[in-house]
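Worksheet: the structure to be examined is printed underneath.
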Amino acid sequence: MSKQKQKLIGTAVIVVIALVLKFFGFIGDHSIPKRDGSIASPEAGAFSDRFTPVKTSGAGLELLSQSRLITGRNSDGDSFHVKHEKGENQFRLYFVDTPESEFKTYGGGEDNGKRLDQQADYFGVTRDQVTKVGKEGKAFTLGLLKKKPFKVLTKWEDVVRPGREYCFVIVEWEGREVYLHELLVAHGLARVHTRGADLPDGKRWKAQRSYLEKWEKEVKAQGIGAWGM
């Protein structure tokens, strides 16, 4: 066999191996899955064309344009205590649920173990791993909200009881405004779960949920966040 033929065969083998690795997600456009227990994040600019254009009026939502995080009080990746121009409220994001950041026990002997197990099963990880994702989600959200005032859109719908309401949160990301619930899905730090609502641009809540679920499948395929542990 000539040297030139051997070289061509060798090149063809390398190309085939690269295509196989890409097919199974080890070579991608946005992120390489990590199997060592660490949490992979999407590269800068990933999914930039997927974020829903932000509007601040419509769908019966009220805008709180000067919201600030009150730290240390009932805050995690999807819920936070906020001071705004009309007072203070505990808010919870529409559409997404970030994992619990630790095992907790409550009065009466109850605990959050069942919820942790449900979250772990959703992502296909252990309870210890899902609490790690919960810590990451909490740090990610609170890190964004601590930086500067942010915007809240709410219909003042109660989460179980008055004083804790559902909302959309608008934050700055890579030079543009985006919805926080979409950002958490893009980073694999939340499951598409819990109550939804129509968006200000007219997109109905069912369409948004389907959109998020499709997006989540792409994030899962790329091994981002909890999906790559």
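The values are calculated or read from the model by the stated rules, or taken from the named source; none is laboratory data. A quick note: this is a predicted structure, and the numbers were derived from the prediction, not measured. So basically every Cβ, Gly included, is an ideal-geometry build from the backbone, and we count neighbours across all protein chains shown.
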The range 104-150 - residue that is of a type in the set (S, T, N, Q) and at pLDDT below 95 and, of those, farthest from LEU189 (Cα to Cα): THR105
Where LYS132 falls short, out of the listed (1) surrounded by fewer than 21 Cβ atoms within 10 Å (Cβ to Cβ); (2) basic (Lys, Arg); (3) under 18 Å from ARG50 (Cβ atoms): (3)
ARG115 vs. criteria assigned to a helix (DSSP H, G or I), in contact with an Asp or Glu (Cβ under 8 Å, 6 or more places away or on another chain) and closer than 23 Å to ARG209 by Cβ: yes
Test for TYR166: is it in a helix (DSSP H, G or I) and not polar (S, T, N, Q): no
Residues (closer than 17 Å to LEU153 by Cα, acidic (Asp, Glu) and not in a helix (DSSP H, G or I)) located in the range 174-224: GLU177, ASP198, ASP201
Scope the range 113-123; condition surrounded by fewer than 17 Cβ atoms within 10 Å (Cβ to Cβ) and touching a residue at least 24 places away in the same chain (Cβ under 8 Å); matching residues: TYR122
